[in-house]
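Data block below; observations after.
The values are calculated or read from the model by the stated rules, or taken from the named source; none is laboratory data. These numbers come from a predicted model, not from an experiment. All Cβ positions, even for glycine, are placed from backbone atoms using ideal geometry, and neighbour counts span all protein chains on display. For the accessible areas, the whole protein counts, side chains as well, though only heavy atoms, and no ligand, DNA or RNA atoms are used. Shrake-Rupley method; radii C 1.70, N 1.55, O 1.52, S 1.80 Å.
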Amino acid sequence: MNILEEFWYGNLDPAEYDSCTTKEYKELLKLISRNEEKLLATMTDAQKELFSRYTDCVREHQAMAECLLFQNSFRLGGRMMLEVMRDGVGDE
């Protein structure tokens with residue numbers, strides 16, 4: 001099956017990527033978790049609620065930013081392919 005068929009049949013998920021297998025990614029996640037635990041341990045209940053709302057907003061923003069990045073990257077790839085095809089005409 002070609003990549004367009006894989007995409008059509010739902011075998012490819014553009015939002016899914018396997019960055020969590022890299023050592024650097026795993027280390028950064030551990031550091032984030034460790035620092036969040038330390039921070040939460042020092043907070044009052046009201047501060048924890050505020051921090052929770054803050055992190056929810058950050059996650060939503062991150063999801064939007066990743067979607068926009070995907071769209072822009074896809075468009076760039078399409079423009080590159082159009083240029084390759086246009087420049088390749090008559091080269092044979």
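Compute the acute angle (0 to 90°) between the alpha-carbon long axis of helix 23-41 and the principal axis of greatest extent of the alpha-carbon atoms of the chain; round to the nearest 10°.
Once rounded, one gets 30 degrees.
Name the chymotrypsin sites (Phe, Trp or Tyr not before Pro) in the stretch 1-62 that are in a loop by DSSP and that have at most 14 other C-beta atoms within 10 Å, would you?
TYR9, TYR17
Just the accessible area per residue of the chain, please: how many Å² with a 1.4 Å probe?
On a per-residue basis, 94 Å².
Using just the Cα positions, wrap the chain in a convex hull and report its mean projected area in square nanometres, one decimal place.
Seen from a random direction, the Cα hull of the chain projects 9.7 nm² on average.
Okay, helix-only estimate at 222 nm for the chain: each DSSP H run of n ≥ 4 adds -39500 (n - 2.57), divide by all residues, round to 500 deg cm²/dmol; what do you get?
-26500 deg cm²/dmol
For the pair THR21 and ASN72, how long in nm is the line joining their label points, each one 7 Å along Cα→Cβ?
2.8 nm
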